[in-house]
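Undergrad: Here it is, the structure in full.
The values are calculated or read from the model by the stated rules, or taken from the named source; none is laboratory data. Everything numeric here is computed off the predicted structure, so don't read it as measured data. Methodologically, a virtual Cβ is constructed for each residue, glycine included, from the backbone with ideal geometry; neighbour enumeration extends over all protein chains shown. Note: areas computed on protein heavy atoms with side chains; ligands, DNA, RNA excluded. Shrake-Rupley method; radii C 1.70, N 1.55, O 1.52, S 1.80 Å.
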Amino acid sequence: MKKKLLSILAVFGLILASGCGNNAKEENDVKEEKAETKVEESAEEVKKDDEETLIVYSPNSEGLINSIIPAFEEKYGITVQLEQAGTGELFTKLRGEASAPVADVIFGGSFSTYSENKDLFEEYVSSHDSELPEAFRNKDGYKTSYTLDGSVIIVNKDLTDGIEIKGYKDLLNPELKGKIATSDPTSSSSAFSHLTNMLVAMGGYESDEAWDYVDKLFKNIDGKIQSSSSSVYKTVVDGEMAVGISYEDPVMQLIKDGADNIDIVYMEEGVIFLPAGSGIIKNCSHPNNAKLFMDFLNSKEAQDILGTQTTNRPIREDAEVSDFMKPIKDIKQLHEDYDYVNENREKIIERFTNLLVEAGN
């Protein structure tokens, strides 16, 4: 009887063990299914807004706009309403509209400008952010990088015949006085980028030698400060100015489009390539469409478009790149101290403004 009881207990124990095993397996299966569902839901988290519209402010060149915007519209069935102007003008407009935003997104401009105006933006990190090089990921939570902009000099060959221009030092040539176009570093991101580029190239942000160079350069510019960054390269290609302090994308686009009267100069002292930014405006009307735009900018699809159809340098390392562009490895590169510039932007602007006042410009 005792043996029979032990046998019954043993069988019952096996049944319990089997049941527990099955329950554990079922629990694991449920957990895995929930995890898979969560991943799928995350991938589909951003849906289009009911109104299939996105309002974009952008200082970008026509080449960049015409490649990215139509591709985004086609992919998502969203109509983009675009307003183009200089970076400074657009950020002033955004600040004036802060209580009742008009734009959903600003597409373009330097990182330092975004850092200075971070209160204007919603926090959002694109779904492709982890696929970007570490240095260009959205660590602040509100600015999405998508391309690299390099400061360059645009030269009208007809108006500079016999004048050597290889870098910054050559812009001090008295023959160029009043013939150098630049926009205003206090309002233009491309001009401010050139200012910090020349400071690094000539000795450092706080170097008296570097600021002495800036002083001499703007005396040679002789007050010919353009209204916007686009006016700089346009006045040079149109023959109104001999030289312009500009940036790579629009100058290369002009050359690609057949402007054979201009050259692009990568300063022999060194070029800083900075990531261009994009961000979602706080309390905008179409936040989900804006998120889709950020995702698209970082996608390989959009980055391949940038690298093969435009004169922009994609930020993704796996993006396809046209052989039309000069290989970045063949250009002497300098590096921006982002933290210093972000913390001391106003100080740099103030010193530059005082320099202009003293020079009588």
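Undergrad: Being part of a helix (DSSP H, G or I) and over 16 Å from T92 (Cβ atoms) narrows it down to one of S130, S145, so name that one.
TA: When all the criteria are applied, what remains is S130.
Undergrad: Return yes or no: is I264 assigned to a strand (DSSP E or B) and either buried (at least 16 other Cβ atoms within 10 Å of the Cβ) or in contact with a strand residue (DSSP E or B) (Cβ under 7 Å, 6 or more places away or on another chain) (or both)?
TA: In short, yes.
Undergrad: Still on this model: Considering only segment 83-101, state which residues are farther than 17 Å from N283 by Cβ, in contact with a helix residue (DSSP H, G or I) (Cβ under 9 Å, 6 or more places away or on another chain) and of a type outside the set (A, V, I, L, M).
TA: Residues satisfying the conditions are E83, Q84, G86, T87, G88.
Undergrad: Among all residue pairs at least 6 apart or on different chains, which show Cβ distances below 7 Å where the first residue, located in segment 231-250, is at positive phi and the second is at pLDDT 95 or above?
TA: From segment 231-250, the pairs are G239/N156; G239/D158; G239/L159.
Undergrad: Also, quick follow-up: Which one is nearest to the chain's Cα centre (by Cα), of the residues in segment 335-361 that are assigned to a helix (DSSP H, G or I) and among the polar types (S, T, N, Q)?
TA: That would be N342.
Undergrad: Conditions: (1) at pLDDT below 95; (2) assigned to a strand (DSSP E or B). I153 meets all but one. Number of the miss?
TA: Here I153 meets the rest and fails (1).
Undergrad: Here are some conditions: (1) touching a residue at least 60 places away in the same chain (Cβ under 8 Å); (2) assigned to a loop (DSSP other than H, G, I, E, B). G277 meets all but one. Which one does it not meet?
TA: Answer for G277: the failing condition is (2).
Undergrad: Further question on the same structure: Determine the pairs where a residue that is closer than 19 Å to T196 by Cβ, located within segment 212-230, has a partner that is at pLDDT 95 or above and of a type in the set (K, R) with Cβ atoms under 7 Å apart, the partner being 6 or more residues away or on another chain.
TA: none
Undergrad: Could you list all residues from segment 184-206 that are assigned to a loop (DSSP other than H, G, I, E, B), at pLDDT below 95 and either more than 16 Å from G150 (Cα to Cα) or in contact with a Gly (Cβ under 7 Å, 6 or more places away or on another chain) (or both)?
TA: Result: D184, T186, S187, S188.
Undergrad: From the list D330, D323, D304, which one is among the acidic types (D, E) and crowded, with 16+ Cβ neighbours inside 10 Å?
TA: Working: D330 fails: crowded, with 16+ Cβ neighbours inside 10 Å; D323 fails: crowded, with 16+ Cβ neighbours inside 10 Å.
From the options D330, D323, D304, the qualifying one is D304.
Undergrad: Got at least one residue in segment 315-334 being under 16 Å from the mean Cα position of the chain (by Cα) and either closer than 17 Å to S190 by Cα or free of Cβ contacts under 8 Å to residues at least 12 places away in the same chain (or both)?
TA: No, the conditions are met nowhere in segment 315-334.
Undergrad: Same structure, new question: Tell me whether segment 252-261 contains one or more residues that are touching an Asp or Glu at 6+ places or on another chain (Cβ under 6 Å), outside any helix (DSSP H, G or I), open to solvent by 20 Å² or more (accessible area, probe 1.4 Å) and modelled with pLDDT of 95 or more. Quick ask: steps written out before the conclusion?
TA: Filtering segment 252-261 down to residues touching an Asp or Glu at 6+ places or on another chain (Cβ under 6 Å) leaves 261.
Narrowing further to those that are outside any helix (DSSP H, G or I): 261.
Applying the additional criterion that residues be open to solvent by 20 Å² or more (accessible area, probe 1.4 Å) yields 261.
Still in the running and modelled with pLDDT of 95 or more: 261.
Yes; the residues of segment 252-261 include at least one that is touching an Asp or Glu at 6+ places or on another chain (Cβ under 6 Å), outside any helix (DSSP H, G or I), open to solvent by 20 Å² or more (accessible area, probe 1.4 Å) and modelled with pLDDT of 95 or more.
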